[in-house]
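Below is one structure; the comments refer to it alone.
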Amino acid sequence: MTRNDTVRTRRSGARWLVPVVAALIGLAYLVAGLVAGDEVFGIGGLVLMLGLGGVLLLLSGRSETIAGLLDRRDERINKLDADASLFSGMTLVAAVLVMFVVEIARGQDGAPYYQLGALAGVSYVVALVHQRLRG
Amino acid sequence: MQNTVRSLRVQRGLSQGDLGAALAVSRQTINSIETGRYLPSLPLAMALARYFETTVEEMFDDEE
């Protein structure tokens, strides 16, 4: 196996990105909890997110799929992630539309579901245009 | 889709993990390619062909 045989890809600190983002979200929970005077929520949220990040790092040594999701080099796992994200997004959009209709039927104005639906529609169009311009 | 990845890898005495490490993909991905459950992208197919000093057409010929 020569050096040229190896596909060179960026590795950098990608493995740490998800745990670091989880920790930052935990810190945001902590700040929000402290500002609202709800220390239990703040500290609980921080511990939960730190735990989640730690578990992901721990499992990455045992699961190729989790390791692949953390370092993003494996195209098959990236495709699995994209398909799962698409399914998750479509499920969310369907739920928002159903809840919007339910709210209208209950005599409400449909908030906040119509805003969420509009956000989903606009983000879809923006993503579509962006992908189209990229070729 | 039929391919010759498995036979080429075995000829070289490589494990799926070895080949995955060389191409920066997981062992699971190599296994899925070998069993035809995953069709690799063109860049990965070309990297495989380069690695085994063959061509994409020869590796992924669906005619036979």
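The numbers here are math on the coordinates, done by the rules we state, and not lab data. The structure presented is a predicted model; accordingly, all values stated were derived computationally and were not measured. Using ideal geometry, Cβ is built from the backbone for each residue, glycine included, and neighbour counts are taken over all protein chains shown.
Overview of results
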| item | result |
| --- | --- |
| Cα→Cβ-extended label distance, 7 Å offset, between A:LEU59 and B:VAL10, nm | 3.4 |
| In nm, spacing of pseudo-spin labels at A:VAL47 and A:ALA111 (7 Å Cα→C-beta vector) | 3.7 |
| Helical mean residue ellipticity (222 nm; -39500 (n - 2.57) per DSSP H run of 4+; nearest 500) of the protein assembly as shown | -23500 deg cm²/dmol |
| At least 18 Å along the helix axis (C-alpha) and Kyte average at least 1.0, DSSP helices within chain A | A:14-36, A:39-60, A:75-105 |
| Per-q log10 I(q)/I(0), chain A, q = 0.13 Å⁻¹ (Debye; single scatterer per alpha-carbon; no solvent) | -0.91 |
